[in-house]
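Here is the structure we will look at, set down as structure tokens.
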Amino acid sequence: MRYFIALSLYVGGLVGAQSVSDSATPVRNISAPAGFKVELLYSVPKPEQGSWVAMCNDDKGRIIVSDQFGGLYRFTPPAPGKQLKQSDIEKVPAKIRAANGLLWANGGLYVAVNDYERKFPSGLYRVTDSDGDDKLDKVVLLREMFARGDHGVHAILPGPGKSLYLITGNNTEPLKTQTSRVPLHWGEDHLLPRMPDGRGHNRTRLAPAGIIYKVSLDGKQWEIVSSGYRNIYDGGVNKDGELFTYDADMEYDFNTSWYRPTRINHVTSGSMWGWRNGTGKRPEFYPDTLPATVNIGPGSPTGTVFGYGAKFPAKYQNAFFILDWSWGKIHAVHLKPNGSSYTGTSKTFITGSPLPVTDVIIRPKDGAMYFTIGGRKVQSGVYRVTYTGKESTAPAVKRTMHNGRILRQKLENFHGQQHKDAVNQSWPHLADGDRFISWAAMTAVMHQPVKQWQQRALTETDPNKRVVALLALCKVVGSDPKNATTDNAASKVDAKLRTSIFKSLGQVDWAKLTHTGKLTLARAYQIALIRLGEADAEVKGRIVKHLDPHFPAPNFEQNWLLCETLAYLQAPSTAAKGIKLLQEAATQEEQIEYARSLRMLKVGWTLELRTAYFEWFLKAANYRGGASFSRFIEFIRRDAEASLDTQSREQLKELLAKKPVQKSPFEVMAQAMIGRNFVKEWKLEELSAASKTKLKGRDFERGRKMFAAGGCFACHRFANEGGMTGPDLTGSGGRYSAHDLLDQIINPSREINEQFVPVIVKMKNGETLTGVVVNMNGERVTVNTDMFDPNQRVNVNRPDVESIEPSKVSPMPPGLLNLMREDEVMDLLAYIISGGDRDHTVFKK
């Protein structure tokens, strides 16, 4: 998320009103954990040295940095307590510019250039000292690459053996490579037509999106390791040899069902992460993508580094530090082995006001962390972080191993090559409960000649293995007409094989499938319908007969795929079932997904159902989301109207002409509470006392409905749903007691989360703005003045700002619980504590 929500100009409890100057952010405006010291080493003079975005260590203890729109610089960090002078900064003579990635390796500097001003060819370079005078002056282009904007060629990381990893965003043109661990059968794979971004962003960018390459040190051998990212900027390899990256969200999608937060991804061999334009992004539960290790939330990913070599306490030595440019934060992600992959938690490590962090390194010579701020021609600076507390800083880096990881790596050895043992050794693991093992097995099979495993897929007796094998078979033998690659563009599926695949899918017993198996069956049907050519009416009828009895399903994930598939097949019962789900859905994300699927449906409608559907659009006009949100609603309605026959259009003429009544978010919340009476003004003490004995056997669904009715989803992210103007509450049950959560709800202004404090911006001309800063570019600062409407923005020039100070009033209104009964409050509290997990102990009798 490069442009949106939010770079707070204040860190709670640190300062009062802050004067605005042209120097880098002072350390008094930066917070760090107890025992850590932050030093501002250098404020970069913008006219002479630009704005710094990348950095690395060289082999002599110096640090090399790059100006986003200029050249390279080099310096030796000063002694503790000292600062750098401009004369300490050495200009690197090499004629190169716009470096987004730097890595010292193999006796030279590798440079990733991403010059979207097009003054210098983008690509991978190597810079060396030509004559031994300790001056980097020789520039060699290893491979030119083509990219647009800042979603281009990014970081370089040390790879295994004599290799590098190169990180590229989704506006980088894919390269032809000698090998690929990702099967080259990618496609858009949308059963219903994809709606492109409502503001036109990247409408022409199709699969495979962002790619991570492994490159030999001489730049001659290239391999695709992983694909399907939006705008990955950096990554890191842990002590287990596993690669991780930090991918961007698409802020325009916020509060839609297809929004995906910024996230940490475990970059396993052949992984594909499902980024597609507009509404086409694959959710984590799709079987043809993989889940994130940690979902972070809204942000703008930049630099990353593992804490290895830092003279920090043990937990920070093993942390994965990730930088968020827009929020002005460095997170410490603590990873934990989980099967063949990892899980993790994220905690804020450094935050500042403003602090547009761009890159971070650990310097082996002193064990300190160094980070830069800058980018987009804003004021830049260099900072050092050291630990001065009492905890031990003795080396404590841990390696881990797990049997699941050993198995996954064994299967990954078959990726990118044909091997006589690959199918037999991978097949038993196709339906493994560990999704990364299942993925490794499926990918290994897809790399083998299809004649070796086609018949085995069609006749597999284990239904959970069969659906995975058939999904893989459809991908390999078919082609997506919307995005055919050179490897499958000429593919024509034999009619007999097509018939056999649909027959084999139809033989699968739904009742014998796991939850994942059911999702895979539905998705396999989708891929077959997309890639195998148009199915005839008989085949479509058999699919409807197979799936329709199981719709609606007991969970949203299955309903997502079933509703979409049955709507495509024009199943007559889909309208009634889908409208019922839409009306009962607690969140706008779920409602939008059902509305999106139903838009192409032409059969099974009654006047009553049509009326309910188009009345929903009047209601949805008051929903809030990212910059493209309202356009997406328009697109859904446009397609829905286009699906009307003449008679229905005439019957609905008045409703179709009706304009929505614009309501404030508070009116929308009040609407959700209509019919509910004032219960009482709840006191913290009485609800806290009730929570000590009444938080067992609670009702999950009612808790979720209370979360929605209380307006919580409007501001708070929870289990990958909801707003972004308040803290993410998903993990709050592990951080706060029931008493503390109730205190936050009843007394919202008692202690305001520092990240979400609104600021009061006083201008030199006497004007005042209240809101949060959502973007910075050069001297321009953009302020969002309405927490419920992310598109309500005002631009100001930094030199015109007199001061910035925090508001003492929380944007969260008090009294939200006063229309709820005690049992409803307990259900709400249990729902928050559960983190959205239906199997949490609070729901057990």
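The values are calculated or read from the model by the stated rules, or taken from the named source; none is laboratory data. Just so you know, these numbers come straight off a predicted model, no measurement behind them. Counting neighbours? That spans all protein chains shown, and the Cβs are built from the backbone with ideal geometry, glycine included. Remember, those area values only see protein heavy atoms, side chains included, never the ligands or the DNA or RNA. Shrake-Rupley method; radii C 1.70, N 1.55, O 1.52, S 1.80 Å.
Computed values, structure above
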item: Some residue of region 812-830 being polar (S, T, N, Q), in contact with a helix residue (DSSP H, G or I) (Cβ under 9 Å, 6 or more places away or on another chain) and in a loop (DSSP other than H, G, I, E, B); result: no
item: Check on THR443, buried (at least 22 other Cβ atoms within 10 Å of the Cβ) and of a type in the set (Ser, Thr, Tyr); result: yes
item: One residue from ILE362, ILE330, ILE350 being touching a strand residue (DSSP E or B) at 6+ places or on another chain (Cβ under 7 Å), over 30 Å from HIS447 (Cβ atoms) and open to solvent by 10 Å² or more (accessible area, probe 1.4 Å); result: ILE362
item: Extreme residue, surrounded by the most Cβ atoms within 10 Å (Cβ to Cβ), among residues of region 148-180 that are part of a loop (DSSP other than H, G, I, E, B) and over 23 Å from the mean Cα position of the chain (by Cα); result: GLY159
item: Residue check, TYR110 without any contact (Cβ under 8 Å) to a residue 40 or more places away in the chain, part of a strand (DSSP E or B) and hydroxyl-bearing (Ser, Thr, Tyr); result: no
item: Residues (of a type in the set (A, V, I, L, M), within 30 Å of LEU529 (Cβ to Cβ) and touching a Lys or Arg at 6+ places or on another chain (Cβ under 9 Å)) located in region 163-199; result: LEU192, MET195
item: Residue among LEU184, LEU141 that alone is surrounded by fewer than 20 Cβ atoms within 10 Å (Cβ to Cβ), over 27 Å from ARG62 (Cβ atoms) and of a type in the set (A, V, I, L, M); result: LEU184
item: Residue within region 70-92 that is of a type in the set (A, V, I, L, M), over 30 Å from LYS390 (Cβ atoms), in a loop (DSSP other than H, G, I, E, B) and touching a helix residue (DSSP H, G or I) at 6+ places or on another chain (Cβ under 9 Å) present; result: yes
item: Residue check for LEU290: touching a helix residue (DSSP H, G or I) at 6+ places or on another chain (Cβ under 8 Å) and surrounded by 24 or more Cβ atoms within 10 Å (Cβ to Cβ); result: yes
item: From the options GLY389, GLY404, GLY375, GLY416, residue that is touching a residue at least 60 places away in the same chain (Cβ under 8 Å), in a loop (DSSP other than H, G, I, E, B) and either surrounded by fewer than 17 Cβ atoms within 10 Å (Cβ to Cβ) or touching a Gly at 6+ places or on another chain (Cβ under 6 Å) (or both); result: GLY389
item: Residue within region 523-531 that is at pLDDT 95 or above, of a type in the set (Val, Ile, Thr) and under 30 Å from ARG203 (Cα atoms) present; result: yes
item: Residue in region 204-220 that is under 21 Å from the mean Cα position of the chain (by Cα), polar (S, T, N, Q) and open to solvent by 20 Å² or more (accessible area, probe 1.4 Å) present; result: yes
item: Scope region 396-453; condition in contact with a helix residue (DSSP H, G or I) (Cβ under 7 Å, 6 or more places away or on another chain) and acidic (Asp, Glu); matching residues; result: GLU412, ASP432, ASP434
item: Every pair of residues 6+ apart whose Cβ atoms lie under 7 Å, when the first sits in region 469-480 and is more than 16 Å from MET272 (Cβ to Cβ) and open to solvent by 10 Å² or more (accessible area, probe 1.4 Å) while the second is of a type in the set (Lys, Arg) and modelled with pLDDT of 95 or more; result: SER479/ARG531
item: Tabulated pairs, region 311-334, first more than 17 Å from ASP359 (Cβ to Cβ), second part of a strand (DSSP E or B) and open to solvent by less than 10 Å² (accessible area, probe 1.4 Å), C-beta under 7 angstrom, 6+ apart or interchain; result: TYR316/ALA332
item: Residue selected from region 304-317 under the condition in a loop (DSSP other than H, G, I, E, B) and either modelled with pLDDT under 95 or open to solvent by less than 40 Å² (accessible area, probe 1.4 Å) (or both), by the criterion farthest from ILE167 (Cα to Cα); result: PRO313
